[in-house]
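What follows is a short report on a single structure.
The values are calculated or read from the model by the stated rules, or taken from the named source; none is laboratory data. If you're wondering where the values come from, they're calculated on a predicted model, not measured in any experiment. Cβ placement follows ideal geometry from the backbone for every residue including glycine, while neighbour counts extend to all protein chains displayed.
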Amino acid sequence: MTHNQFLYSGILKEIARLQNEMSRVFEDFPVEYDYPPINIWNNADNVLVHVEVPGLTAEQLDVTVSGETLTVSGERKAEQIENAVWHRRERKSGRFSKTIRLPFPVEADKVQAKLEQGILRLELPRSEADKPRKIAVKTA
Amino acid sequence: MWLTRNKEKENETVRETRDEAVEQSEPIRNEELSRLTPNVDIYEKDDVIYLAVDMPGVDKGAVELTLEKNVLTIEGRSSYSRPEGYGCSYAEFRPGVYRRSFTLNQEIDRENIEANLKDGVLTVVLKRLLPSKTKIEVH
């Protein structure tokens, strides 16, 4: 096997592994959930919370964090168009509030939030006090 | 429900097309992606019909509108993916391809369909063809 072929099969394996992981991750879906839909990702230091809020602007969203609790609330206003005839109305509107428990307490003042393509992306760093600490072993 | 309503409202300007046939002949290119049915609002004002389609996670370049005969198909590919270096602890939404088809009736101007994507919402603007005002001279 040449170097390139080896590299290629390695990449394919990696792709297959990622696909497996993705399909496993997205396989078991709750049939019902409160609006808006939310995904939670984490590693040892951070938790990422992604919220689907198409059509909402940053001003219409409110995010509050306290310890291990995160609340995302806001209002999705229904289009008020004078003299409009409605043929179909499937998009949700009105006030919403969703509270979730995070995998660990976070530093509330270090939370970053951005809104892109209708997805709110929050990055919440784990609180320093909650992080596992390494204890130096002294030699006698 | 909608299918039966369709029969009653044959002359509706925009009605949903059940795209089972389309689905079979045209599978999603990347089979790993789920097919998602986006929520749609349709309203009309001053001879203009607006379709508002929720497509969170879709970039401008990933939206495709195709008009085949009288069927308008709206497709958007979500670029949402697993963040590198993170494991998933809970999930309620997934990446995929949003797709929906609508049948336009003869009153819609097919040459002037506009679409605009903002904050994960695609707005499609359809204009009604206004009856041509040919004045018939009475002698």
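Within the range B:47-73, take every residue that is modelled with pLDDT of 95 or more and assigned to a loop (DSSP other than H, G, I, E, B) and give me the one that is nearest to the other protein chains (Cβ to nearest Cβ). This residue is B:Pro56.
The condition of being crowded, with 18+ Cβ neighbours inside 10 Å and over 30 Å from B:Lys60 (Cβ atoms) does not hold for A:Asn83. Counting the residues of the range A:77-100 that are free of Cβ contacts under 8 Å to residues at least 60 places away in the same chain, more than 10 Å from chain B (Cβ to nearest Cβ) and touching a strand residue (DSSP E or B) at 6+ places or on another chain (Cβ under 8 Å) gives 4. Here A:Val106 meets the list (1) over 18 Å from the mean Cα position of the chain (by Cα); (2) more than 21 Å from B:Val53 (Cβ to Cβ) almost entirely, failing just condition (1).
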